[in-house]
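I have placed the structure first, in the form of structure tokens, so that the comments after it can refer back to it.
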2 protein chains.
Amino acid sequence: MRQFVVVGHEAPTTPDFPLDDLAGGAGRLDLLCRCVGAALFLSHGIREDARVHLVLQDECTVSFDGATLRNARPDERTLAGLVRSALDAAEDAVGHRPVESSPGVTVATRGLDATLADVARRRTVVHLHEDGDPLPATDPPADPVFVLSDHRDFTADEMALLDDAADRRVSLGPRPIHADHATAVAHNYLDTAGYDPDSY
Amino acid sequence: MRQFVVVGHEAPTTPDFPLDDLAGGAGRLDLLCRCVGAALFLSHGIREDARVHLVLQDECTVSFDGATLRNARPDERTLAGLVRSALDAAEDAVGHRPVESSPGVTVATRGLDATLADVARRRTVVHLHEDGDPLPATDPPADPVFVLSDHRDFTADEMALLDDAADRRVSLGPRPIHADHATAVAHNYLDTAGYDPDSY
């Protein structure tokens with residue numbers, strides 16, 4: 001199982017955001033949706049062994065599970081529509097239990113701390129950060145949970161939380177890349193790790 | 001300079017496509033726009049040494065140049081709007097000369113053959129294909145031109161053309177990934193190639 005936790009600092013927490021302005025009025029939800037696509041979609045297929053969690057302004061978390069996801073396409077608008085349905089469902093939720101808003105999509109009124117506590121148990125938490133150890137110098141982690149930020153840096157509080165929760169801090173390269181591209185690179189690293197180059 | 005040529009088999013060639021249905025009525029222009037984003041955008045920056053060319057139904061080619069691109073954001077809708085403006089400008093174009101529709105965006109009534117002939121001169125043409133040589137087994141190419149397909153396979157004619165034009169056929173891994181994710185992986189391979197893992 002590979003999991004990705006993406007922290008959205010300006011992303012909407014209520015369903016009244018504009019689908020026509022994901023990069024502006026919807027707080028860079030475009031980027032978060034591309035992270036969902038990169039985490040879950042293969043060409044003509046789904047990564048059934050992958051999940052992605054969008055932490056929205058440390059208030060609630062929308063999770064997508066590749067094993068059970070239905071009615072999804074990898075375009076930003078479709079995925080933003082699923083986020084909107086999830087935020088709709090969250091308004092009716094009681095307490096902190098996750099609610100399934102559509103097949104494979106759940107929402108919970110949890111911030112980063114509670115989401116990490118839930119998904120990280122007995123798994124390898126990998127903080128993706130430009131100051132981390134280079135990816136090629138690290139062994140492929142078993143059951144990894146990659147934690148990434150959107151267009152904003154992690155806050156001081158988030159960094160403190162990750163210093164405590166992360167097993168590794170890893171850098172993907174010398175150039176700062178978007179979280180969706182980092183997700184694609186991390187998947188590719190794991191897809192090819194352990195493969196004899198002559199064998200694929 | 002790194003260049004990417006992405007072949008769109010169902011993408012629009014006229015500007016009357018719906019911005020609200022890029023993955024459906026606009027022939028998977030969502031995927032092509034994500035390829036533009038992956039080719040040109042860094043986190044808070046642009047890859048000024050990169051260009052991407054979208055070949056639309058073998059009729060016309062819309063090119064984006066990282067060095068001169070302005071007014072762009074990496075979301076699908078913004079980039080699709082630039083494609084629409086380019087196709088608008090193409091209707092007024094005379095002959096096969098490229099027309100600049102907005103800063104850094106040009107359109108030419110050229111298919112794959114003519115586009116490759118233009119961009120491939122004295123460069124290394126890399127055909128990204130699942131049956132190619134594994135990426136780690138190849139030396140990083142100088143001045144590469146990566147050629148990718150959208151959600152459809154290359155046609156027999158395109159394969160014949162690439163058999164002739166490509167210097168290498170390279171596979172990025174054992175799992176079939178989308179063209180935008182392949183673009184991100186190819187960039188990362190070149191970003192990290194030659195770097196001492198201790199140095200970034």
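The values are calculated or read from the model by the stated rules, or taken from the named source; none is laboratory data. All of these numbers come straight from a predicted model, not from anything done at the bench. Counting neighbours? That spans all protein chains shown, and the Cβs are built from the backbone with ideal geometry, glycine included. Heavy atoms of the whole protein, side chains included, go into the accessibility calculation; ligands, DNA and RNA do not. Shrake-Rupley method; radii C 1.70, N 1.55, O 1.52, S 1.80 Å.
Among the residues here, A:Leu29 qualifies as crowded, with 23+ Cβ neighbours inside 10 Å, within 13 Å of the chain's Cα centre (by Cα), closer than 17 Å to A:Leu87 by Cβ and of a type outside the set (S, T, N, Q).
Any idea which of B:Asp21, B:Asp58 is over 27 Å from A:Ala179 (Cβ atoms) and surrounded by fewer than 21 Cβ atoms within 10 Å (Cβ to Cβ)? After ruling out the rest, the residue left standing is B:Asp58. You will find that of A:Ala137, A:Ala182, the residue that is under 24 Å from A:Thr61 (Cα atoms) and facing chain B (nearest Cβ under 10 Å) is A:Ala182 and no other.
Hey, among A:Arg175, A:Arg122, which residue is among the basic types (Lys, Arg), without any contact (Cβ under 8 Å) to a residue 24 or more places away in the chain, open to solvent by 60 Å² or more (accessible area, probe 1.4 Å) and within 10 Å of another protein chain (Cβ to nearest Cβ)? The match here is A:Arg175. Scanning the range A:160-171 for residues that are touching a residue at least 24 places away in the same chain (Cβ under 8 Å) and open to solvent by 20 Å² or more (accessible area, probe 1.4 Å) turns up A:Leu161, A:Ala165, A:Ala166, A:Asp167, A:Arg168, A:Arg169.
Would it be correct to say that B:Gly25 is out of contact with any Phe, Trp or Tyr (no Cβ under 7 Å at 6 or more places or on another chain) and either touching a residue at least 40 places away in the same chain (Cβ under 8 Å) or outside any strand (DSSP E or B) (or both)? No, not satisfied.
The conditions of being in contact with a Gly (Cβ under 8 Å, 6 or more places away or on another chain) and open to solvent by less than 20 Å² (accessible area, probe 1.4 Å) are not met by A:Gly111. Criterion applied to B:Asp157, B:Asp92 was being part of a helix (DSSP H, G or I), away from chain A (no Cβ under 14 Å), open to solvent by 50 Å² or more (accessible area, probe 1.4 Å) and not hydrophobic (A, V, I, L, M, F, W, C), and the one residue passing it is B:Asp157.
Among the residues of the range A:106-148, those identified as acidic (Asp, Glu) and under 18 Å from A:Leu190 (Cα atoms) are A:Asp133, A:Asp139, A:Asp143.
Name the single residue, out of those in the range B:125-138 being touching a residue at least 40 places away in the same chain (Cβ under 8 Å) and part of a strand (DSSP E or B), that is farthest from B:Ala90 (Cα to Cα). Of everything passing the filter in the range B:125-138, B:Asp131 is farthest from B:Ala90 (Cα to Cα). Residues of the range A:95-117 that are outside any loop (DSSP other than H, G, I, E, B) and closer than 18 Å to A:Phe4 by Cα: A:Val105, A:Thr106, A:Val107, A:Ala108, A:Leu112, A:Asp113, A:Ala114, A:Thr115, A:Leu116, A:Ala117.
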